[in-house]
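Participant: I have a structure I would like to understand better, so I am pasting it below and will then ask my questions one at a time.
The numbers here are math on the coordinates, done by the rules we state, and not lab data. It should be emphasised that the depicted structure is a prediction, and the values quoted were computed from it without experimental measurement. As a convention, Cβ positions derive from the backbone with ideal geometry for all residues, glycine included, and neighbour counts pool all protein chains shown.
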Amino acid sequence: MGAIEKVLSRNLIYRGKIIDLRIDNVQLQSGRKTIREVVEHEPAVAIIPLTEKNEVLLVRQYRHPLGEDILEIPAGIVEEGETFRDTAERELQEEVGYRPNDLVEVGKFYTSPGFSDEVIVVFVARKLVPSILDGDEDECIEVESVPLNDVPELLGSGKIKDCKTFAGLSWLLYKHSRREI
């Protein structure tokens, strides 16, 4: 088991729409004191939509912090009163225009545990049927269909720059190679 840090004080210095930033003063097991900067982030989901034609539906959208468009699996923040599953179904309809008849949770991970508590729960969505919900007003999304056979090249070429997408597509390839998907 890892070392436990004793929290001496917490100071919330910023409260935002999707993140809060706090500064924790902690004492290490050695007795030494240090500061931890913590980004508190709302929980989120990511969805790997797989069509009957063995294509993965990805979204291309502009990401302001990067100053560029990137290719990602659909994802979104869990809204108040929603379960992770509810959010996955809603986000899939908003971002790619489909509702899954088969939605399976495949794992969860922390995006950057060194400074953030953000958790993403990943789902694979199959048996997709058209169902469109209005998307977020501040998002401009293009849907791209990628044959499953092209995913290794997409990952190996460096065109996937987003960690949730890299992890989700890598998981999909592993399951596909074992004929589990």
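Participant: Given the options Lys127, Lys164, name the one that is under 23 Å from Arg90 (Cα atoms), surrounded by fewer than 15 Cβ atoms within 10 Å (Cβ to Cβ) and not small (Gly, Ala, Ser). Steps first, answer last, please.
Facilitator: Details: Lys164 fails: surrounded by fewer than 15 Cβ atoms within 10 Å (Cβ to Cβ).
It is Lys127.
Participant: Let me ask another. Going by what's in this entry, would Phe109 be described as farther than 30 Å from Ile23 by Cα, aromatic (Phe, Trp, Tyr) and surrounded by fewer than 17 Cβ atoms within 10 Å (Cβ to Cβ)? Spell out how you get there, then give the answer.
Facilitator: On the way: farther than 30 Å from Ile23 by Cα: no; aromatic (Phe, Trp, Tyr): yes; surrounded by fewer than 17 Cβ atoms within 10 Å (Cβ to Cβ): yes.
In short, no.
Participant: Return yes when Val122 is part of a strand (DSSP E or B), touching a Gly at 6+ places or on another chain (Cβ under 9 Å) and within 24 Å of Ile19 (Cβ to Cβ) and no when it is not. Before the answer, list the steps.
Facilitator: On the way: part of a strand (DSSP E or B): yes; touching a Gly at 6+ places or on another chain (Cβ under 9 Å): yes; within 24 Å of Ile19 (Cβ to Cβ): yes.
It is true that Val122 is part of a strand (DSSP E or B), touching a Gly at 6+ places or on another chain (Cβ under 9 Å) and within 24 Å of Ile19 (Cβ to Cβ).
Participant: Please determine, by comparing only the residues of the stretch 12-29 that are assigned to a loop (DSSP other than H, G, I, E, B) and of a type outside the set (Val, Ile, Thr), which one is nearest to Asn149 (Cα to Cα). Before the answer, list the steps.
Facilitator: Step one: list which residues in the stretch 12-29 are assigned to a loop (DSSP other than H, G, I, E, B), which gives 16-18, 28-29.
In the following step, the residues that additionally are of a type outside the set (Val, Ile, Thr) were identified as 16-17, 28-29.
On the way: Gly16: 41, Lys17: 38, Leu28: 49, Gln29: 50 Å.
If we take residues in the stretch 12-29 being assigned to a loop (DSSP other than H, G, I, E, B) and of a type outside the set (Val, Ile, Thr), then Lys17 is nearest to Asn149 (Cα to Cα).
Participant: What's the total number of residues in the stretch 12-23 that are surrounded by 10 or more Cβ atoms within 10 Å (Cβ to Cβ) and out of contact with any Asp or Glu (no Cβ under 8 Å at 6 or more places or on another chain)?
Facilitator: Looking only at the stretch 12-23, we keep the residues that are surrounded by 10 or more Cβ atoms within 10 Å (Cβ to Cβ), and these are 12, 14-16, 18-23.
Filter once more, so that each one left must be out of contact with any Asp or Glu (no Cβ under 8 Å at 6 or more places or on another chain): 15-16.
So the answer is 2.
Participant: If you check every pair at least six apart or on different chains, which have Cβ atoms under 9 Å apart with a residue in the stretch 159-171 that is free of Cβ contacts under 8 Å to residues at least 12 places away in the same chain first and a residue that is part of a helix (DSSP H, G or I) second?
Facilitator: Cβ pairs passing all conditions: Phe166/Leu155.
Participant: Then there is this: Among the residues of the stretch 112-120, are any touching a residue at least 60 places away in the same chain (Cβ under 8 Å), more than 12 Å from the chain's Cα centre (by Cα), under 30 Å from Ile35 (Cα atoms) and surrounded by 13 or more Cβ atoms within 10 Å (Cβ to Cβ)?
Facilitator: Yes: one or more hits.
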